[in-house]
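Right, one structure below, let's go through it.
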Amino acid sequence: MNLLLFGAPGTGKGTQSAFFISHYKLFHISTGDLFRKALREKTPLGLKAQSYMDRGELVPDSVVIALIEQVLVDVKSRNGFILDGFPRTLAQAESLDSLLNNMGLKLDKVLYLNVPEEILIERIVGRRVAEKSGYVYHIKFNPPEKEGICDKSGEKLIHRNDDKEGVVTQRLKAYKEQTAPLIEYYREKNILFELDGCGSPKKVFSRIQSLM
Ligand code: AMP
């Protein structure tokens with residue numbers, strides 16, 4: 001099963017991906033995580049992406065597509081994959097289709113998590129993450145047992161720079177202008193499944209499971 005988790009920043013794609021990994025053992029591909037890792041390691045890719053990420057803008061398509069081309073090479077040997085945060089533009093979606101097609105693969109389902117904008121902002125601004133392991137918390141809705149520390153990995157939780165209020169507005173703008181048009185793209189292909197992304201992460205995951 002090859003899936004795309006689709007939605008605006010803050011809809012819970014990262015949180016739901018963690019459930020997918022443990023339940024379905026899918027290969028998780030998050031371009032945001034890959035860029036953050038590259039940034040921590042100060043690779044040329046990370047340095048190229050940094051200024052766009054800091055401003056809440058999308059990294060140029062040519063950079064993202066070159067990255068995904070490398071990652072997809074590993075996909076064939078896996079038991080399906082879940083894409084999170086990619087594609088985000090029409091050019092990326094079309095490149096993905098042709099890359100998969102060349103590999104004899106296709107996207108089976110696009111799970112579109114729909115959450116109203118006012119809830120998104122509260123979710124993003126309160127989000128805290130364990131950078132290395134990727135576990136995600138929220139200071140109000142899903143706090144760790146010990147403030148500032150990841151329950152599972154023991155890492156110190158951070159507030160991502162681009163989760164701070166000024167940048168969040170720009171990220172939502174980029175989503176509306178460049179990414180939301182993909183809803184129609186996938187609806188026309190008859191692979192779009194829209195879900196209510198409100199409520200607890202477990203509740204949202206059980207809605208997803210009813211579609212699997
Ligand atoms: P995310 O964690 O998925 O919200 O991604 C964080 C940031 O990484 C975004 O705000 C973009 O700057 C960049 N990014 C991640 N994925 C993509 C993508 N598919 N296309 C362009 N930029 C991306």
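Scanning the stretch 35-48 for residues that are away from the ligand (no atom under 13 Å from the Cβ) and either within 20 Å of Arg128 (Cα to Cα) or touching a Pro at 6+ places or on another chain (Cβ under 8 Å) (or both) yields a count of 1. Please verify whether the stretch 1-14 includes one or more residues that are more than 11 Å from the ligand (Cβ to nearest atom), at pLDDT below 95 and more than 22 Å from Ser210 (Cα to Cα). Among the residues of the stretch 1-14, not one is more than 11 Å from the ligand (Cβ to nearest atom), at pLDDT below 95 and more than 22 Å from Ser210 (Cα to Cα), which makes the answer no.
For the stretch 177-197, a residue qualifies if it is touching a Leu at 6+ places or on another chain (Cβ under 9 Å) and not in a helix (DSSP H, G or I), and the qualifying residues are Pro181, Lys189, Ile191, Leu192, Phe193, Glu194, Leu195, Asp196, Gly197.
Return yes or no: is Ser51 away from the ligand (no atom under 12 Å from the Cβ), without any contact (Cβ under 8 Å) to a residue 24 or more places away in the chain and out of contact with any helix residue (DSSP H, G or I) (no Cβ under 9 Å at 6 or more places or on another chain)? Taking the combined requirement at face value, the residue does not satisfy it.
The criterion of at least 3 residues that are among the polar types (S, T, N, Q) is met by none of the strands (runs of 3 or more DSSP E) falling completely within the stretch 57-139. All of (1) in contact with a helix residue (DSSP H, G or I) (Cβ under 9 Å, 6 or more places away or on another chain); (2) away from the ligand (no atom under 11 Å from the Cβ); (3) part of a helix (DSSP H, G or I) hold for Gly32 with one exception: (2).
Lys42 fulfils the conditions (1) at negative phi; (2) of a type outside the set (A, V, I, L, M, F, W, C); (3) outside any helix (DSSP H, G or I) except for a single criterion, (1). Which ones in the stretch 1-29 are out of contact with any helix residue (DSSP H, G or I) (no Cβ under 6 Å at 6 or more places or on another chain), hydroxyl-bearing (Ser, Thr, Tyr) and buried (at least 18 other Cβ atoms within 10 Å of the Cβ)? Hits for the stretch 1-29 are Thr11, Ser17.
Residues that are exposed (fewer than 13 other Cβ atoms within 10 Å of the Cβ) and small (Gly, Ala, Ser) do occur in the stretch 91-111.
The values are calculated or read from the model by the stated rules, or taken from the named source; none is laboratory data. Predicted model, so just to flag it, every value in this text is computed and none were measured. Here the Cβ is made from the backbone with ideal geometry for all residues, glycine too, and neighbour counts use every protein chain on show.
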